[in-house]
Amino acid sequence: MGLFKNSNLFFKAAFAALVVAVCFSCTKQAIEPEPTPQPKVDWGTTTIASVLEGKVGDTFEIKAVVVGANEQGVILQQDGEDRIYAFKGEEHGLEIGDVVNVKGATGARNGLIQFGKGCELEKTGEHIDVVLPEAEAFGVEEIDAYMSAPSIRYVTYTGTVLISGNYTNFEIDGTDVVGSLDFMSEDFRTNYKGHSLTITGWLFGSYKTYMYTVPVDVKDNGLDEEEVPEGAIYYNTFDKELSSQTFGSDGGSWPYLDEFDGWKGHKGSGADAVTYSFQKMSLRTNQSSKGSLSLYDGSGKNNVFFSTAPNYFIIENISLPGTKLHLSFGAQRYSQGATNTFVKSDFEVRLSADGQTWSQALDYGFGDVEDVPGDWRLASADFTLPEGTNKLYIKFVAKMSSVNRIDDVLLVPGEGGQEVVFGGSEEVPMSSIADVLDSPIDEIYKIQGQIVGIHTKGFLVDDGTGTILVFKKKHGMAVGYNVIVEGATTVYGGMKQFGESSEIEKVSEGTVTYPTPVEFKAADFDAYAKSPSIKYVKYTGVLSYYKDEIYQPHYNVTIDGTDVVATVAYPVTDLNIDKYVGSSVVVTGFLVAVSGNDTKYANTMATSVEFAEKEERPSEDQAISVKELNAKLAGMQSGASLKDLVAVVGYVAANNESGALYQVISIVDNTGEAHSGIIVKDEDFTEETLP
């Protein structure tokens, strides 16, 4: 008997069938022999229900029958409706109907309690013919509901078997939930790879988008053939073989395209001689183009990820039936914690007849589908190639690192459109900042001006006609630099800005004289939240600090009389902002945008942060000893500050200018008494800078 069984659960009771033969000419009755009754099993005193209600991590011993099995674990039941999964973590040799003694510690996994890895499963020698319950028909609605309230349930549902490394997954139409068929046999994986199956079996937990299943019975609906769109010249869903996160030196990375060819499944009338070239490209299955993250009916499975810039992906040598063409492809821009608005200027598509001379960036669009940041959309472009073009090269380039993906690239004959010119000029004219602010976003502009403010992820440029933010990490710029900026504009917080992909050229250095800041009060912040602009301001409030769920630091200033919160965005090191946390401060700087939904945040590029109440520095004749300082600190909570500044006199016992104790000095009274020494951490003191 194998792991799969066609039957229904509940135990067969012994019964007798009496067949009465009625004969009008006689009264003789024929009696059939009674079937052999099932042995009654003594399950003992420990029930599955008591295990499920017990303390997680405790060790339990129970007797139960196997009602479902994969290669390394079993679903167990006694007389009642309670069931539990037992994960042995290795082959167990058990079949449905085997009665076993189980011993092991419980654990919580995939939303349910189970016997954890290494539990003991010992056959008793007893065997029961079990009747499985009627399977619940599971569609998209039932599957989506199950994910938030998992239980062990006997169900039936249909999907396609996908093999990803050592994983056996089950793609289900209409949802991004994936059936996870853990620890299936190699025969199962080989025989059913790529097949549509109807699985009847036990659900036993959920995690993120995975629904864990132990199959009992499978119906093979045949190989799931990929449908090629009508008229396809070139078509690729990149789904020939499912990618897996099992590559790289650590065995836990997605494969680069030269490490795995499971993406080379191109089809179409012009695809026979197609080749590829690429740089910094990998193949992934996360962020699927099918399901809740997609605004078009994508193929899902694999997608092509543009890793570290500069990167590119080129489809080469497509044979053409004509010069009027239509190109479409799934496109996504996503990075955790980013705004994720799709910027076409940051993701270019260029065309060539020979792979050497390229066109200007193709003007593609998304029809009437609005951008939902982070979601997939289907991009398309209609174009006409120069007469006589019979081969086509398509080049995709992401200017940003690790944010863009493509899927479902399709080229078909079209009605023609934008005229493609190979090798045309791409010089970007110089514009004033005022003109850029009045022009459409997502186009390439060039400006020149002076940097008037900086934070760690950008800077403000002023040219006399206006001021604009350039958002660029690790920019290496300083206040006073005269720079040329070229790049695409976007909108953030109600304000236009140049984005991360902008190119910066330093022209010269200079100095900046700041204007008198505008005193901002509560009413001013309320008005600013409704109509943001770049303003040089000064305001007072209490500074707080926290890290969000992706560990990004936030420095917020609460201001009396308004619900708008001022936030000091990406403060530079010179501000030494951490020493002001918890205090009333005066912040001077540029307001650059408004962010947030329920709570509005006025983003500030700070030029200075000061205590609202000036602290008086004590004189040397007021200095106390190290022992006296320790007495003041005694009993204070960790992280608390002294109410007033103190001066301390003592001897430097150690000064660490580098190494593990960098920025730490030791000061002692040099008396040898207890509590007469202290460690101070502030900056890398030298003999010249030590107070």
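Read the figures in this text as sums done on the coordinates, not as results from a lab. Just so we're clear, the structure is a prediction, and the values are computed from it rather than from any experiment. Quick reminder, even Gly has a Cβ in these numbers, built from the backbone with ideal geometry, and neighbours come from all protein chains shown.
Odds and ends about this structure:
- With Cα atoms defining each centre, the stretch 493-512 and the stretch 601-618 are spaced 26 Å apart in the structure.
- Extension gain for the segment Glu134 to Val518, taken as residue separation times 0.36 nm less the Cα-Cα distance, is 130.9 nm to one decimal.
- Between the listed residues Tyr545, Ile534, Tyr555, the Cα displaced farthest toward the positive end of the dipole of the stretch 515-562, a dipole computed from Cβ unit charges relative to the Cα centre, is found at Ile534.
- Scoring 513-521, 329-337, 60-68 by mean Cβ neighbours within 10 Å over their residues and listing the highest first yields 60-68, 329-337, 513-521.
- Cα-based shape type of the stretch 136-223, given that a ≥ b ≥ c are square roots of the gyration tensor eigenvalues and the cut on a/c is 1.5: prolate
- For the stretch 75-108 and the stretch 141-198, distance of Cα centres in Å: 21
- The 3J(HN,Hα) values that the Karplus relation (6.51, -1.76, 1.60; θ = phi - 60°) gives for the stretch 446-460 are, in residue order, 10, 10, 9, x, 9, 6, 10, x, 9, 9, 6, 10, x, 7, 9 Hz. Gly and Pro appear as x.
- The calculated FRET efficiency for the pair Ser253 and Ser50, based on their C-beta separation and a Förster distance of 51 Å, comes to about 0.70.
- Gln418-Thr573 FRET efficiency (beta carbon distance; Förster radius 35 Å; 0.05 resolution): 0.15
- Which of Met430, Val409, Thr389, positive extreme of dipole for the stretch 387-432 (C-beta unit charges): Val409
- Signed unit charges on C-beta, dipole axis of the chain, positive-most listed residue Ala523, Trp358, Gly57: Gly57
- Descending by average beta-carbon neighbour count within 10 Å, the peptides 222-229, 434-441 line up as 434-441, 222-229, the highest first.
- Taking amide H as placed 1.01 Å from N in the peptide plane, Val648 has its amide H under 5 Å from the amide H of Ile624, each at least 5 places away in sequence or on another chain.
- Placing unit charges on the Cβ atoms only, positive for Lys and Arg and negative for Asp and Glu, gives the stretch 429-494 a dipole magnitude near 440 debye about its Cα centre.
- Rounded to the nearest 0.05, the FRET efficiency derived from the C-beta distance between Asp173 and Asp644 at R0 = 56 Å is 0.20.
- P(r) tail fraction, the chain - alpha-carbon pairs more than 49 Å apart, %: 41
- For Thr671 and Asp297, the difference between the fully extended length at 0.36 nm per residue and the C-alpha to C-alpha distance is 126.8 nm.
- Percent antiparallel among DSSP beta bridges (both partners in the chain, rounded to 5): 90
- Dipole size of the chain about its Cα centre, with +1 on Lys/Arg Cβ and -1 on Asp/Glu Cβ: approximately 440 debye, rounded to the nearest 20.
- Estimated dipole of the stretch 254-367 in Debye, rounded to 20 [Cβ of Lys and Arg +1, of Asp and Glu -1, Cα centre]: 320
- Simple spin-label estimate for Asp598 and Thr275 in nanometres, 7 Å along Cα-Cβ: 5.8
- Alpha-carbon centroid distance for the pair the stretch 560-600 / the stretch 417-487, whole angstrom: 26
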